[in-house]
Amino acid sequence: MEAGPTDNTVTLVIPLFNEEEVLPSLIDEIQSFRARRPEITDVILIDDGSTDATARQARDLTDGLPGFMLVRFSRNFGHQLAVTAGLHMVRTDAAVILDADLQDPLEVVGRMIDKWREGYDVVYGVRRVRGGVTLLERLTARLYYRFFKRFTDVDAPLDAGDFRLVSRSVMDAYAKLNEQQPYVRGLVSWLGFNQVGIEYDRQSRAAGRSKYPWRRRMQLALDGIASFSGKPLRYAVRIGIAVSALSAVGLIWVVLVKYAFGTAITGWSSLIFVAFFFGGLQLFFLGVVGSYVARVYDEVKGRPRYIIRDTWRSGRRGDHRSAETGSGSEKLRG
Ligand code: UDP
Ligand code: MG
């Protein structure tokens, strides 16, 4: 275990990708919340390769305030890796992961800390109401969480995102996982420990636009399934066998018709349809197989998962936290 303060301190871990619009109110809210909850000694902001003024603003706004740290990635590595990097750097007894856009209310962070004090290792937020999302987004998200639960062997809670508190033991265990495309909420569930959910109403974004377009959301969903289940591959085999069996029966039938009744088969259009159908099916499952191969390829290359460009501290805290200054990749962690 890392040597750290033992007075039940908490870090906020906040990934940022082009969040200049929301940063001023974020820092404001955090500071007024910290006045009430002094156990939040640290705030780690991870700038995930923003192309706007996010990094400069983060420094300007937090300069001189206690306990802020800004970690800049060398480019955009994605939300899940930004969260992962943040968790790797936490030095306190617990951390809370939250969105920069104030969708996850700080008041709920306080409730999470209270639950943690009761002895839980993971306290995740369950979205009762989701503000600022369309009906389609809400429906697909609900459907996805249920599908994920059925399809994988992970006991992941329904309707919970990455907004959660994790204890020191969970962070230490998480640091041992080395997946190239981590699916944070799935991995944290997989780790076990004492987990509990608390319900909350998710707000809509305080400012700016969502950094998760449909394409990325789909990718996250597919990553989630693929990293926790080989079932798509097994289903491909089963469907392949079923289809072959069916076509064998069809072939016998065709031969029978020809020799028993002497009628040749007419209807090319149906034949073409069948050819296209199975062609499509084959391509689909080739794609399924391919996506697993691609994941294996990513793992085999063993590249560092993120590269840190630099790390900056807001000042006043020249203590144990200076251990990880400077740039470098996580590979340096041994
Ligand atoms: N984010 C990030 N890297 C990305 C995309 C998003 O660090 O490539 C951050 C973003 O700044 C925010 C959080 O991840 O703090 C969640 O993103 P967002 O709020 O846009 O997603 P949504 O809540 O709309 O699903
Ligand atoms: Mg958000």
Quiz item: If you scan region 127-146, which residues turn out to be surrounded by 13 or more Cβ atoms within 10 Å (Cβ to Cβ) and outside any helix (DSSP H, G or I)?
Solution: ARG127, ARG130, GLY132, VAL133
Quiz item: Are any residues in region 296-315 modelled with pLDDT of 90 or more and aliphatic (A, V, I, L, M), and if so, which ones?
Solution: ILE307, ILE308
Quiz item: What number of residues within region 182-198 satisfy the criterion of being in a loop (DSSP other than H, G, I, E, B) and crowded, with 19+ Cβ neighbours inside 10 Å?
Solution: 2
Quiz prompt | Criterion (touching a helix residue (DSSP H, G or I) at 6+ places or on another chain (Cβ under 9 Å) and either under 25 Å from ILE307 (Cβ atoms) or within 11 Å of ligand 1 (Cβ to nearest atom) (or both)) met by exactly one of GLY86, GLY67, GLY110, GLY125 | solution = GLY67
Exercise. Might you let me know whether region 56-67 holds any residue that is within 16 Å of ligand 2 (Cβ to nearest atom) and part of a helix (DSSP H, G or I)?
Key: no
Exercise. Answer yes or no: is there a residue in region 150-159 that is touching a Phe, Trp or Tyr at 6+ places or on another chain (Cβ under 8 Å), part of a strand (DSSP E or B), modelled with pLDDT under 95 and within 16 Å of ligand 1 (Cβ to nearest atom).
Key: no
Practice problem: State the number of residues belonging to region 106-136 that are within 12 Å of ligand 2 (Cβ to nearest atom) and in contact with a Phe, Trp or Tyr (Cβ under 9 Å, 6 or more places away or on another chain). | Solution: 1
Quiz item: Which members of region 160-177 meet the condition of being more than 16 Å from ligand 1 (Cβ to nearest atom), touching a residue at least 24 places away in the same chain (Cβ under 8 Å) and not aromatic (Phe, Trp, Tyr)?
Solution: LEU165, VAL166, SER167, ARG168, SER169, VAL170, MET171, ASP172, ALA175
Quiz item: Between residues in region 205-221 that are closer than 21 Å to VAL22 by Cβ and touching a residue at least 60 places away in the same chain (Cβ under 8 Å) and residues that are within 9 Å of ligand 1 (Cβ to nearest atom) and β-branched (Val, Ile, Thr), which pairs lie under 6 Å by C-beta distance while being six or more apart or on different chains?
Solution: ALA206/VAL22; ALA207/VAL22; GLY208/VAL22
Quiz item: Given LEU45, LEU81, which one is surrounded by fewer than 24 Cβ atoms within 10 Å (Cβ to Cβ) and either in contact (Cβ under 8 Å) with a residue 12 or more places away in the chain or assigned to a loop (DSSP other than H, G, I, E, B) (or both)?
Solution: LEU81
Exercise. Go through the residues of region 232-254 one by one and say whether even a single one is in a loop (DSSP other than H, G, I, E, B) and away from ligand 1 (no atom under 16 Å from the Cβ).
Key: no
Self-check item: Close pairs (6 angstrom Cβ cut-off, 6 or more residues apart or separate chains): in contact (Cβ under 8 Å) with a residue 40 or more places away in the chain and at positive phi in region 100-128, assigned to a loop (DSSP other than H, G, I, E, B) and within 16 Å of ligand 2 (Cβ to nearest atom) anywhere
Solution: LEU102/ALA206
Exercise. Return yes or no: is SER169 assigned to a helix (DSSP H, G or I) and surrounded by 18 or more Cβ atoms within 10 Å (Cβ to Cβ)?
Key: no
Exercise. Tell me, yes or no, whether region 19-29 has at least one residue that is assigned to a loop (DSSP other than H, G, I, E, B), touching a Ser or Thr at 6+ places or on another chain (Cβ under 6 Å) and within 11 Å of ligand 1 (Cβ to nearest atom).
Key: yes
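The values are calculated or read from the model by the stated rules, or taken from the named source; none is laboratory data. A quick note: this is a predicted structure, and the numbers were derived from the prediction, not measured. Note: ideal-geometry Cβ built from the backbone for every residue, glycine included; neighbour counts use all protein chains shown.
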